[in-house]
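Enquirer: Handing you this structure, nothing more for now.
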Amino acid sequence: MELIINEAVMLPEYLPKKLPGREREISDITYNFKIALDGRKPENLLVHGFPGTGKTAVLKFVLKELEEFSNKIKIVYINCWHAGTRHNIIVEIARSVGFISPMKGVSIDNILKRTAEIVKKRNYAVVVVLDEMDRLIASGHGDVLYDISRMNEVHKVNMSVVGIVNDFELVTNLDPRIRSSAISRDVEFKPYGVPELKKILKDRADLALSSYDPEAIALCAAYAYKFKGDARKGISILLSAARIAERRGLNKLCVECVEEAVGKIKTFEKRKKPEVKLNGIEVRIIDAIKQEGRITSGELYEKMNDVNDRTLRNYINKLAESGIIDIKSGGSRGNSRILMIRKDRVE
Ligand SMILES: Nc1ncnc2c1ncn2[C@@H]1O[C@H](COP(=O)(O)OP(=O)(O)OP(=O)(O)O)[C@@H](O)[C@H]1O
Ligand SMILES: [Mg+2]
């Protein structure tokens, strides 16, 4: 019998039917949404935790559970990494309730007003889930939280928001006005311990593999624990170990295959370019360059006139030194600098 009988359950898109170790978070968040069934307003939550701790999986799970109440609670799930800007997010919310707004030429206030009219007519509560909100905040689009919270005050609709981030600290950089109106409570997803990781990985292995040594699963869990309790890492080790076993013609996943899979990840990570951690200003500079394709330093100073020129210049130089952007001299007298993202960095 083949070893891998269902590879799909080890892939990132797979949403498991059970989420061991997150029962408390699931019931907490479900309850928070369900109070909307009595016409009350759910609390605005900030969900935070390290990568791979089940934040997205839990929210998607809860969302599914609540599908049967979709005439009373509309949950709008948005990945901010894809949506990118405040405007795109508002357009996405509008679209989800049925208002198709043209992407350009309609002001945010107008979109919000039309959206509110529809929501009132439909008479449902709206919960907006903003996943991977870190970059959105870092690039200065955190105001969208304020827009959403104002839907209640100004337009009298029942709309709340769940923000999901890795880095709780980022949120402390938000304007206090936004923070207090858009976040009423935070829910921390602590890293998984070994027992939870074992259970998560065993559930996957039961579905995916025809046979495995329990020690191999325990080893995957131990490694995932080392990676800050990251279930995603654990599952990817499991998958890569299973493939190694299959290539060797084994009909049982063994400990050695897991060791080999982990060895591969380690050498890969060593070879990877060092991760550059960007701060809010750097992210804004990169976004500004990306928007234009290339931009002169003068234009950038204008766009970011809330940051002083010297600070900007320092950050530009730092980004160039880290190999993220290229600087060319340009302008009619060669006195201006043209900034662009380095080709090998363009996603
Ligand atoms: N409790 C759990 N039970 C089963 N699978 C889980 C559990 N927690 C996480 N996973 C799985 O681990 C992977 C990562 O989880 P998820 O995407 O929810 O992490 P995350 O916290 O959103 O991470 P990030 O901050 O990087 O977005 C997914 O494949 C998910 O199905
Ligand atoms: Mg996630």
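Just so it is clear, none of the values below were taken in a lab; they were calculated from the coordinates. Please read all numbers here as calculations on a predicted model, not as lab measurements. Using ideal geometry, Cβ is built from the backbone for each residue, glycine included, and neighbour counts are taken over all protein chains shown.
Enquirer: Pick out, from Thr296, Ile316, Ser329, the residue whose Cα sits farthest towards the positive end of the charge dipole of region 280-345, with +1 on the Cβ of Lys and Arg and -1 on the Cβ of Asp and Glu.
Expert: Ser329
Enquirer: Another question about this same structure. Evaluate the relative contact order of region 200-271 (contact order divided by residue number), counting alpha-carbon pairs under 8 angstrom at least 6 apart; express in whole percent.
Expert: Rounded, it is 35 percent for region 200-271.
Enquirer: Let me ask something additional. Within 10 Å of each candidate Cβ there may be at most 11 other Cβ atoms; applying that plus a DSSP loop requirement, which GluC sites (Glu not before Pro) in region 125-232 survive?
Expert: Answer in residue order: no site qualifies.
Enquirer: Compute, for the chain, the length of the dipole vector about the Cα centre, with Cβ point charges of +1 (Lys, Arg) and -1 (Asp, Glu) only. Units Debye, rounded to 20.
Expert: 520 debye
Enquirer: Follow-up question, since we're still on this one. Could you give the alpha-carbon Rg of region 280-345 over 2.2 N^0.38 Å, rounded to two decimals? Mind dumping the intermediate values first?
Expert: Values: Rg = 10.8 Å, N = 66, 2.2 N^0.38 = 10.8 Å.
That works out to 1.00 for region 280-345.
Enquirer: In the chain, if the dipole is taken from +1 on Lys/Arg beta carbons and -1 on Asp/Glu beta carbons about the Cα centre, which of Leu66, Cys80, Ile237 is farthest to the positive end?
Expert: Going by the Cα projections, it comes out as Cys80.
Enquirer: Provide, as a two-decimal number, the C-alpha radius of gyration of the chain over 2.2 N^0.38 Å, N being how many residues it has. List each step's numbers first, then the result.
Expert: Working: Rg = 23.5 Å, N = 347, 2.2 N^0.38 = 20.3 Å.
That works out to 1.15 for the chain.
Enquirer: For the chain, what is the mean residue ellipticity at 222 nm derived from helices alone (per DSSP H run of n ≥ 4: -39500 (n - 2.57); sum divided by total residues; nearest 500 deg cm²/dmol)? Display every interim value, and only then the final one.
Expert: Values: 16 runs with 179 residues, N = 347.
Estimated from H runs of four or more residues: -15500 deg cm²/dmol.
Enquirer: Ordered by packing density, taken as the mean number of other Cβ atoms within 10 Å over each peptide's residues, highest first, how do 178-184, 303-309, 253-259 rank? Spell out each step's value before the answer.
Expert: Working: 178-184: 17.6, 303-309: 13.4, 253-259: 21.3.
Ranking, from highest mean packing down: 253-259, 178-184, 303-309.
Enquirer: Where does the Debye-calculated log10 I(q)/I(0) of region 23-189 sit at q = 0.18 Å⁻¹, using only Cα point scatterers of equal weight, no solvent?
Expert: -1.15
Enquirer: Step through the residues of region 88-94 one at a time and calculate ³J(HN,Hα) from phi using the Karplus curve (6.51 cos²θ - 1.76 cosθ + 1.60, θ = phi - 60°), rounding each to whole Hz and writing x for Gly and Pro.
Expert: 4, 5, 4, 4, 5, 5, 4
Enquirer: How high is the relative contact order of region 186-241, given as a whole-number percent (alpha carbon pairs under 8 Å, six or more residues apart)?
Expert: 44 percent
Enquirer: List, in the order given, every pair from Lys104/Lys156; Lys64/Lys228; Lys41/Lys72 whose Cα-Cα distance in the structure shown is over 18 Å.
Expert: Details: Lys104/Lys156 26 Å; Lys64/Lys228 28 Å; Lys41/Lys72 12 Å.
Distance filter (> 18 Å) returns Lys104/Lys156; Lys64/Lys228.
Enquirer: From Cα pairs below 8 angstrom and at least 6 apart in sequence, can you work out the relative contact order of the chain, rounded to a whole percent? It would help to have the intermediate numbers written out before the result.
Expert: Working: 519 pairs, mean separation 68.5, N = 347.
About 20 percent, as a whole number.
Enquirer: Which cross-chain or sequence-distant (5 or more) residues have an amide H under 5 Å from the amide H of Val128, H modelled 1.01 Å from N in plane?
Expert: Answer set, sorted by chain and number: Val76, Ser160, Val161, Val162.
Enquirer: Also, I was wondering about something else. Using the Cα centre as the reference, give the magnitude of the dipole from point charges on the C-beta atoms of region 30-112 (Lys, Arg: +1; Asp, Glu: -1; all else neutral), rounded to the nearest 20 debye.
Expert: Numbers: 11 positive and 7 negative charges, 16 e Å.
That gives a dipole near 80 debye.
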